[in-house]
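A short worksheet on the structure shown next.
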Amino acid sequence: MTPPDLAALPHRLSRLHELAMDLSWTWSPAREVFRRLDYRLWQQTRHNPVLMLRLMDSEALARAANDADLLAVYDRAVSGLDVMRTGNGHMGNGQPRTWWHSVVSASTTDVVAYFSAEFAVHQSLPIYAGGLGVLAGDHCKEASDLGIPLIGVGFMYPQGYFRQRVSPEGWQQEQYERIDWANAPVQRAQTRDRKPCIVQVPLGTRTVLVQVWEVRLGRVRLLLLDTDLEQNQPWDRELSARLYGGGQDTRLQQEIVLGLGGVLALRALGLTPAVWHLNEGHAAFVILQRLRDLLAAGTPWEDALVDVRRSTVFTTHTPVPAGHDAFPFSLVEQHLAGCWGSMGEERDHFLALGTYDNGAGPQFNMTALAMRSAGAINAVSQLHGDVTREMFAPLWPDLAVGDRPVGAITNGVHVPTWVAGGMARLFDRHLGAQWRDRYDEPELWLRLHEIPDDELWAARQALRNSLFQFVRERARERFAEDGGVSRAVAGGAMLDPEALTIGFARRFTGYKRPDLIFRDVERLARLVNDARRPVQFVFAGKAHPADEAGKHHLQQIFRHALDSRFGGRIAFVDDYDLHVAHLLVQGCDVWLNNPRKPLEASGTSGMKAAMNGVPHLSIGDGWWAEGYAGDNGWLIDGRAETTDQGVVDDADAAALYDLLEQSVIPAFYTRGPKNLPTRWLAIVRRSIATVTPRFSTRRMLKDYIERAYAPAFKR
Ligand SMILES: *Cc1c(COP(=O)(O)O)cnc(C)c1O
């Protein structure tokens, strides 16, 4: 059995590789092709079609080429890809091809460049750490669906973000693996004359070469920068090795490469963006390169700045002052040494754009740079907008709070990516297949009551079962790895597939309070061990490698999972990534979020859960301050009027227990005819109906277009 030469795929399936290399398969019918091709291999490769095709032998592929059912799905997937790829403008029948072409003159050749330090598109491309990356990935997927001419620009980290293991003592261990390019859906970007796209970035007193990789996402392309080239010095080759690795020095150099290199890469590829969208401050050096270009062309400083402002959109994500990247001037002077020559007098003007004192004395602050240079600035929820206008008040000393130019565009998630197949088929049957084009219309979801209780419950049960299958298999693997029982038990080997299951998964860090539920161990133990109405918790999440406190939180959860007082009903599933996230947000019964208000800018995992009929149980922070409607989940509010954190934590924990005891658990376990939880399913329906339209990236992208992109296009 020889692995097939990719060029030698069976003629009838000759475009399989092309399908695998376009990550639009992750949310299009093409997904079904790979599931059917070899289901075991699909699972073993963690849904990586590129790797699957390398592992399949030619006999298996030949069999597939004679499977009529598979071929039908394949043909549909290929024609879907062609429709997406061929041209812009109008379909043959005069209908606009995409939403974008129906609202914007189709002749425009302008593009939106969307910069982000991380993109979460699929688990086979581990170039993301968490929420920021998921938002960026979902933004690009939605842009593809709507036909918005958007190009993503980020980093191809050859070692990605770390994979997480937990020692038998509960301590996080980080493993970095080199990405095998041959197994990943990336290829080298090529210039118009078919040469590899490589650009030169001035860094310090030297020049670093940056090569550009390309990922296809339907109509959208993602350009990923990488410094691992032989011609570079060893330390420069390492610059882009890892996401958020290294100290301030590495971080600053990475951000220079992203900002300057990204602009140069777009130019090398012949692209001229009309809108430059900076997702968080990491990419703010885009502004520097654009100013340099304008100055070099003879534009005076004032005019250059007006030009840049006209076309720059900035989204801020962090309500914590220390979360905004700021560097000592000496470091900035040193690493931008190669830029100053061409700028002459304007160097000081530029440094002034970033000067900001957030408590530690004046520094060069990336958020300040972006805010002073962007024409449209937004926070990621209404509440976060309020916090940001207060926090950065010194930037606008003469403006009243209400006049400070920071808007709010609440985050959303990409519905086709996050809604489970089982739920989507249920919606197909009862709402009609057109729900897939209309899911941002609230009226559509009023028809959810047409889904009978038993069908809705069956879909929920099936998703819970998939989660438990996965959790048990992972616990078994961990047991097999080191023979340690502790990792199997903590991993969820003793969970009960019938019990009310509450999920908590996100980055492990102090303000998210992952161990709040353990505030009163006795009270929790009573809930968990109730013989007739047991409750269980599944935790997952990584701590940043440098966040010792976060790792201690994780260790606490691990220890609780092994505490026999909780009877095996607390689990920690390791190596949280997009794959685990899908299973958890779809398969739990309730999604818990208890951050310290107002430190959660938006949060998105609760949106993913709610759309799958997993109601949200959360502090009224971030998006939930807007999303909670009284009947679509639960609001945790300890009402403590103090700044004493211990008192606030006690009050919030008590409010959480009260909700569980008086509301969540009774609703779940009260069963009616046919053993159906009628009351529960009413909450499930309200959760889906209220959250899906408003917290979709479709609503979000339309907001961005109207309030941030369109004004820039017009200017
Ligand atoms: C959605 C998601 C997040 C963000 O979760 P929050 O609750 O918003 O912090 C982080 N990591 C992964 C893998 C996700 O899918």
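Derivation of every value follows stated rules applied to the coordinates shown; laboratory data play no part. Please read all numbers here as calculations on a predicted model, not as lab measurements. Here Cβ is always computed from backbone atoms with ideal geometry, including for glycine, and neighbour counts include all displayed protein chains.
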Practice problem: Kindly rank 471-478, 10-17, 370-377, 255-262 from highest to lowest mean number of other beta carbons found within 10 Å of each residue. | Solution: 255-262, 370-377, 471-478, 10-17
Quiz item: Dividing the Cα convex hull volume of the range 155-264 by residue count, how many Å³ per residue is that?
Solution: 138
Quiz item: How many angstrom separate the Cα center of the range 11-66 from the Cα center of the range 546-618?
Solution: 32
Practice problem: Provide 54, 639 in ascending order of the number of other Cβ atoms located within 10 Å of each residue's Cβ, fewest first. | Solution: 639, 54
Quiz item: Do you know the relative contact order of the chain, to the nearest whole percent, from alpha carbon pairs under 8 angstrom that are 6+ apart?
Solution: 12
Quiz prompt | Volume per residue that the Cα convex hull of the range 6-85 spans, once the total is divided by residue count, Å³ | solution = 81
Quiz item: If you average over every viewing direction, what projected area does the convex hull of the Cα atoms of the range 420-694 give, in nm²?
Solution: 14.5
Exercise. Treat the range 394-468 as a sphere of radius equal to its Kirkwood radius over Cα pairs and apply Stokes-Einstein at 25 °C in a medium of 0.890 mPa s; give the translational diffusion coefficient in µm²/s, rounded to a whole number.
Key: 157
Practice problem: Would you please calculate the Kirkwood hydrodynamic radius of the range 36-75 over all C-alpha pairs and express it in Å, rounded to one decimal? | Solution: 10.5
Quiz item: Taking the chain, how many lysine pairs are there with alpha carbons less than 25 Å apart, if each pair must be eight or more places apart or span two chains?
Solution: 15
Exercise. Using only the alpha carbons, work out the radius of gyration and Dmax of the range 97-144 in angstrom.
Key: 13.5, 38
Self-check item: For the chain, diffusion coefficient by Stokes-Einstein and Kirkwood Rh (Cα), 4 °C, 1.567 mPa s, µm²/s
Solution: 49
Self-check item: Estimated D of the range 612-685 in µm² per second, where Rh is the Kirkwood radius over Cα pairs and Stokes-Einstein applies at 10 °C, 1.306 mPa s
Solution: 117
